[in-house]
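Nothing in this text is a laboratory measurement; each read-out follows from the coordinates by a stated rule. Predicted, not measured: the structure shown is a model, and the values here were computed from it. Cβ coordinates were reconstructed from backbone atoms using ideal geometry, including for glycine residues, and neighbour counts include every protein chain displayed.
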Amino acid sequence: MISRFSYGKPFPTGAVVRTIEPSRKPMPFFRIRREGTSVSFSLDLTPEEIIFGLGETVRGINKRGHLYESWNTDIFNHSEDRKSLYSSHNFLIFFRRDRLIGLYLDDSGRVIFDLGYTKRSEAVITSENGNLDVYLLEGGQLKDIVHEFREMIGRSYLPPRWAFGYLQSRWGYAGEEEVASVVEKHRERHIPLDGVCLDIDYMVDYQNFTWKKEAFPDWKKFNQRMKDEHIHLVPIIDAGIRVREGYSPYESGLEKDAFCRKESGDYFTASVWPGNCCFPDFLNKDARDWFGDLYRPLLEEGIEGFWNDMNEPALFFTKESMEEALSLVERQKEREDDYEGMWALGSAFGSMANNPKDYQSFYHRTEQGTIRHDYVHNLYGAYMTKATADGIRRFMPDRRYLLFSRSSFIGAHRDGGIWQGDNFSWWSHIRLALQMLPGLNMCGFLFCGCDLGGFGQNTTEDLLARFLQLGVFTPLMRNHSALHTREQEIYRFETWEAMRGTVQVRYALLPYLYSEFMKAALRDEMYFRPLAFDYPEDDRAVHTEDQLMLGENCMIAPVYEANAEGRYVYLPEDMLMIRFRSAEDYDLERMEKGDHYIRLRLHEFPLFVRKNSFILLGKGAESTDELDDSSLTALGWLEKEAEYAFYRDDGVCTCPSLNQGLTSIRLKPGDNTLIYPAATSAKDDSDYS
Ligand code: GLC
């Protein structure tokens with residue numbers, strides 16, 4: 001059951017697609033307090049109460065005990081004390097045995113979540129502007145609450161099947177020669193690969209929608225050459241448009257009056273990668289249409305994938321904030337021994353990027369009238385995604401596209417996926433990425449993944465290997481790293497063959513993982529879930545922070561510690577463990593419910609399959625184009641007949657149908673191989689089937 005409660009004058013964010021009339025009754029469970037413009041909602045928490053949700057945030061799967069803020073921020077260091085990352089996903093579930101409450105705050109401005117931080121026994125959620133719709137979901141189980149929420153916010157974005165292939169990326173690939181050599185090195189060594197992401201280096205002076213001629217002399221030809229090798233080029237597009245006479249997106253943006261302005265009527269500008277930029281007014285439909293059409297020349301060349309970046313929007317500095325800081329420098333010159341002045345200098349320069357004052361200084365022209373940016377700040381990235389997605393759909397209405405963004409808000413899950421931003425090459429960031437995934441799935445963001453190997457800092461061979469082992473299961477599987485960091489393509493390392501084995505598992509599992517992803521998306525379900533969703537009565541499962549349920553029948557438990565030769569895993573029921581080394585090299589072990597220490601040497605990783613169910617493993621390929629799922633092996637521990645609903649489609653159609661895509665596969669104990677589509681057994685030689 002969903003009820004809606006309205007406060008103030010909520011801005012229509014577009015997150016909710018179902019019409020739910022506001023309730024006239026007071027909101028149950030929560031104490032409501034107004035102070036100035038803000039409104040707070042407080043809920044008493046029992047000692048055992050768990051809080052799931054909040055999508056892209058740091059810390060654990062259980063969000064209790066910390067302070068979070070919905071305020072989309074370009075943040076380079078995802079340390080434990082961060083209150084905000086790049087996205088705002090204001091949906092949470094309060095879970096205890098005798099009560100289950102789902103809560104969504106549809107608020108485009110800053111929201112503060114004190115989830116047992118000030119007082120362990122109380123959650124206080126504060127909307128700074130006090131203009132919001134609150135949706136309360138009650139009844140059923142955890143899965144039902146999410147399902148109902150997901151129906152309310154609309155179906156998740158469906159990427160094409162090739163987007164589930166392995167993608168290589170790096171900030172710093174200089175041009176087509178380097179990209180071609182990266183591809184060649186993968187192909188020579190038979191490391192599967194489906195795409196290369198092009199970072200800002202491909203642009204002229206980091207200006208959107210331009211191509212550096214020296215680096216890509218005939219990029220149309222180059223794109224075709226890549227396509228012939230089954231490689232998709234995925235260029236980056238940033239939010240800011242450089243202020244430069246003669247630069248066509250800038251000129252056409254001026255002509256269309258598509259940029260945000262200040263109160264004075266002047267354009268708001270700030271420095272980002274290309275230098276001083278104007279910012280498209282993504283909350284304005286005409287500006288969105290203009291921006292979406294800028295992708296057209298790239299689409300015409302056959303590009304079918306993009307990543308949108310810097311769309312919180314990230315602001316390095318404005319002219320005003322720089323002038324202010326420089327005036328402090330001048331002052332300091334005259335007061336050499338003033339250490340307080342030195343602190344002030346540090347703080348003036350340190351707080352220049354993404355400064356709240358700057359976000360208060362420009363406006364959007366929306367259907368609801370002109371509105372100051374900070375009231376709708378968290379929508380900016382989501383509406384950039386919408387502009388792009390609409391532009392692509394206008395151009396190719398009958399094909400799916402790849403799109404992932406850094407910043408987002410609920411609603412953008414209908415138009416694209418996200419990546420989890422600028423993580424580091426740190427062991428703790430494998431675990432952090434895993435812990436974010438179920439929260440993102442709750443909010444409809446199914447197509448997501450982190451920078452494998454770590455973006456900032458220098459990776460190490462073992463770290464990359466373990467990152468990849470998580471990446472095998474994340475819908476977006478991309479190796480990405482920052483400029484000047486250690487190169488981290490798989491082939492750079494001594495044990496590349498073993499890492500290739502990991503990527504081969506991804507391709508062998510792809511028919512199955514794609515099937516699980518599409519079913520989850522088309523049924524408004526989660527692809528990754530905390531164990532509590534499947535075993536709410538099991539106290540150990542409910543508190544498990546480093547394992548996830550995947551699809552209908554599986555569980556993952558990656559290793560995330562340096563030099564570990566294995567890990568402890570809790571099995572909430574009997575399961576079959578598949579210990580993978582490559583697509584052909586794996587062993588199977590039946591394991592009983594309970595705690596296990598599992599030996600997992602550096603290039604080994606497990607997948608657990610529930611007893612009396614099975615997964616499907618193909619032969620793999622070097623690209624998704626070449627995948628052949630006509631013969632799949634079923635792996636499972638069957639003591640009775642089991643059935644699997646296998647989903648397949650052409651991987652690009654925009655109106656996939658569950659009914660048409662599903663085939664039921666039945667297996668009896670003793671069967672372990674099946675030839676699709678005939679669900680019959682061919683072999684009977686496995687102990688484990
Ligand atoms: C941002 C992005 C990162 C990208 C870099 C350069 O930091 O998050 O992925 O590589 O900008 O474009």
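The distance between label points at CYS655 and GLU641 comes to 3.6 nm (points 7 Å beyond Cα on the Cα→Cβ vector). Shown is the FRET efficiency for GLU178 and ARG393, computed with R0 = 41 Å from the Cβ-Cβ distance and rounded to the nearest 0.05: 0.80.
Greater than 26 Å separation of Cα atoms is the criterion. Which listed pairs, LYS220/LYS256; LYS143/LYS519; LYS119/LYS593; LYS185/LYS213; LYS221/LYS619, meet it? Over 26 Å Cα-Cα: LYS220/LYS256; LYS119/LYS593; LYS221/LYS619. Ranked by the mean number of other Cβ atoms within 10 Å of their residues, highest first, the peptides 361-372, 197-208, 182-193 come out as 197-208, 182-193, 361-372. Each listed q (0.18, 0.19 Å⁻¹) maps to a log10 I(q)/I(0) for segment 263-321, found by the Debye formula over equal Cα scatterers with no solvent: -0.81, -0.88. Relative to the dominant Cα principal axis of the chain, helix 176-188 is inclined by about 20°. Mean sequence separation of contacting Cα pairs (under 8 Å, at least six apart), scaled by the length of segment 550-683, corresponds to a relative contact order of 19 percent. Here the extension length gained between ARG189 and TYR117 equals 20.8 nm, from 0.36 nm per residue of separation less the Cα-Cα distance. In the chain, helical runs assigned H by DSSP with n ≥ 4 each contribute -39500 (n - 2.57); averaged across all residues and rounded to the nearest 500, the mean residue ellipticity at 222 nm is -7500 deg cm²/dmol. Spread over its residues, the convex hull of the C-alpha atoms of segment 512-667 is 134 Å³ per residue. What the phi angles of segment 306-322 give under the Karplus curve with 6.51, -1.76 and 1.60, with θ = phi - 60°, is a coupling list of 9, 10, 9, 10, 6, 10, 6, x, 6, 10, 6, 6, 9, 4, 5, 5, 5 Hz, glycine and proline written as x. Computed extension gain for GLU35 through GLU320, at 0.36 nm per residue and net of the alpha carbon distance, reaches 99.4 nm. Close amide H partners of ASP257, meaning residues 5 or more places away or on another chain with modelled amide H under 5 Å apart, do not exist here. When the alpha carbon gyration tensor of the chain is reduced to an equivalent ellipsoid, the three semi-axes, largest first, read 40, 32, 24 Å. For GLN368 and ASP587, FRET efficiency with R0 = 51 Å and r from the beta-carbon atoms, rounded to 0.05? So, using R0 = 51 Å, E works out to roughly 0.25. Give the distance, in whole Å, between the Cα centre of segment 473-506 and the Cα centre of segment 400-425. A separation of 20 Å, based on Cα centres.
With the highest mean first, a sort of the peptides 16-27, 166-177, 646-657, 377-388 on other beta-carbon atoms found within 10 angstrom per residue produces 377-388, 166-177, 646-657, 16-27. Annotation for segment 423-489: GluC sites (Glu not before Pro) lying in DSSP loop with at most 14 further Cβ atoms inside 10 Å of their Cβ are GLU487. With the cut-off at 1.5 for a/c, could you classify segment 2-153 from its C-alpha gyration tensor as rounded, prolate or oblate? Verdict is rounded for segment 2-153.
FRET efficiency for the ASP81 to LYS668 pair, using the beta carbon distance and R₀ = 41 Å, is estimated at 0.15. The string of couplings for segment 375-388 from the Karplus curve (6.51, -1.76, 1.60, θ = phi - 60°) is 6, 10, 3, 6, 8, 4, x, 4, 7, 5, 4, 5, 4, 5 Hz, one whole number per residue in order, with x for Gly and Pro.
Computed from phi, the 3J(HN,Hα) profile of segment 134-139 under the Karplus parametrisation 6.51, -1.76, 1.60 (θ = phi - 60°) reads 10, 10, 10, 10, 9, x Hz, with x in place of Gly and Pro. Between segment 260-302 and segment 55-125, the C-alpha centres lie 31 angstrom from each other.
For ASN423, the amide hydrogen comes within under 5 Å of the amide hydrogens of ASP451, PHE455, GLY456, counting only partners 5 or more places away or on other chains and with H modelled in the peptide plane.
Based on every Cα atom in segment 172-223, Rg and the maximum pairwise Cα distance Dmax equal 11.7, 35 Å.
Between 0 and 90 degrees, the angle of helix 461-471 with respect to the longest Cα principal axis of the chain falls at about 80 degrees. Of the peptides 444-454, 57-67, 397-407, the order by per-residue mean of other Cβ atoms within 10 Å, starting with the highest, comes out as 444-454, 397-407, 57-67.
With contacts taken as Cα pairs under 8 Å at a separation of at least 6 residues, the chain carries a relative contact order of 13 percent. Along the Cα-to-C-beta direction of ARG155, a point sits 7 Å from the Cα; which residues of segment 441-476 have their amide N less than 14 Å from that point? Answer for segment 441-476: none. Using amide H atoms built 1.01 Å from N in the peptide plane, name the residues 5+ places from ILE237, or on other chains, whose amide H lies under 5 Å from its own. Those qualifying (amide H under 5 Å, at least 5 residues apart or on another chain) are TRP307, ASN308, ASP309.
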